Amino acid sequence: MARPVQYNIKNEGGKAIQVVDSPEGFGGEGFFTTKLSGVVGLARKNSIWPLPFATSCCGIEFMATMASHYDLARFGAERLGFSPRQCDLLMVMGTISKKMGPVLRQVYLQMAEPRWVLSVGACACSGGIFDTYSVLQGIDQVIPVDVYVPGCPPRPEAILDGFMKIQDLVGKESIRRRNGEKYQELLTSYGIQ
Ligand code: SF4
């Protein structure tokens, strides 16, 4: 079965590999100038190392997203890491119980900056159908989230869409953002120093 058309990586010439667009800048005969943030963003967004934190059914959708049909590797994110210290994208998929909240937070804290968080599925985003005493009503109660993917479960296309939104954020982020006051305020609001 062919991949969904919108995710096929083919240019008009029919070549199988496409070169990413260069960052904004000025070019001429034999030269190109741009911002350092643009170059760093370009490298970061195309070499994301995801850390899958899958606790239930949405994790199965993630398995499909990694498998050959959808193949997250096409986005430069083939290398899943299972040590938080090596990864820069925390993908949270599944129902997170209140007991699991501190564990999730610990994993987040062990990741080095810059780090991003993708919340996949209704459970991770809001507790989903489990409006109960034992389920965390959204992981953004314990860690900051960059992109939310709705659905119960979201299809792999939706996970890829969320992933590409993360890539947009990563590509556009200034290299100074993590040292800025606003980001420090965000961390402080979560009790993170
Ligand atoms: S959002 Fe739905 S599919 Fe995903 S973990 Fe929750 S109940 Fe399962």
### Task
State, as an integer percentage, the relative contact order of the chain based on alpha-carbon contacts under 8 Å between residues 6 or more apart.
20 percent
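Just subtract the alpha-carbon distance of Ser22 and Glu181 from 0.36 nm times their residue separation and send over the number in nm, one decimal. Don't skip to the end; give the middle numbers.
Numbers: separation 159, 0.36 × 159 = 57.24 nm, distance 2.94 nm.
Stretched out fully, the Ser22 to Glu181 stretch lengthens by 54.3 nm.
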### Message
With only alpha-carbon pairs counted, each pair once and no self-pairs, how large is the Kirkwood hydrodynamic radius of the chain in angstroms?
### Response
17.9 Å
#### Entry: Choice from Val117, Val20, Val170 showing the highest fluctuation, given a GNM over the chain with Cα pairs closer than 10 Å
Val20
## Note on the structure
From fewest to most C-beta neighbours within 10 Å, the residues Ile129, Ile48 line up as Ile129, Ile48
### Task
Would you order Trp49, Trp116 from fewest to most other beta-carbon atoms within 10 Å of each residue's own beta-carbon?
Trp49, Trp116
### Summary
The residues Met66, Met91, sorted from fewest to most surrounding Cβ atoms within 10 Å, come out as Met66, Met91
### Task
Springs between alpha-carbon atoms under 10 Å, Gaussian network over the chain: tell me which of Pro102, Pro52, Pro84 tops the mean-square fluctuations.
Pro102
### Message
If I model segment 89-193 as equal point scatterers sitting on the Cα atoms and use the Debye formula, what is log10 I(q)/I(0) at q = 0.13, 0.25 Å⁻¹?
### Response
-0.48, -1.39
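Would you mind getting me the FRET efficiency between Cys152 and Val103? Use the beta-carbon distance for r and R0 = 22 Å, nearest 0.05.
Efficiency computed from Cβ-Cβ geometry: 0.45.
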### Message
Could you tell me how far the Cα centroid of segment 124-152 sits from the Cα centroid of segment 16-52, in Å?
### Response
33 Å
### Summary
Extension length gain for Ser47 and Glu29 (0.36 nm per residue less Cα distance), in nm, is 3.6 nm
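Only the coordinates and a few stated rules stand behind these numbers; no lab work does. Note that the structure is a prediction, hence the values are computed from the model and not measured. Virtual Cβ from ideal backbone geometry, glycine too; neighbours counted across all protein chains shown.
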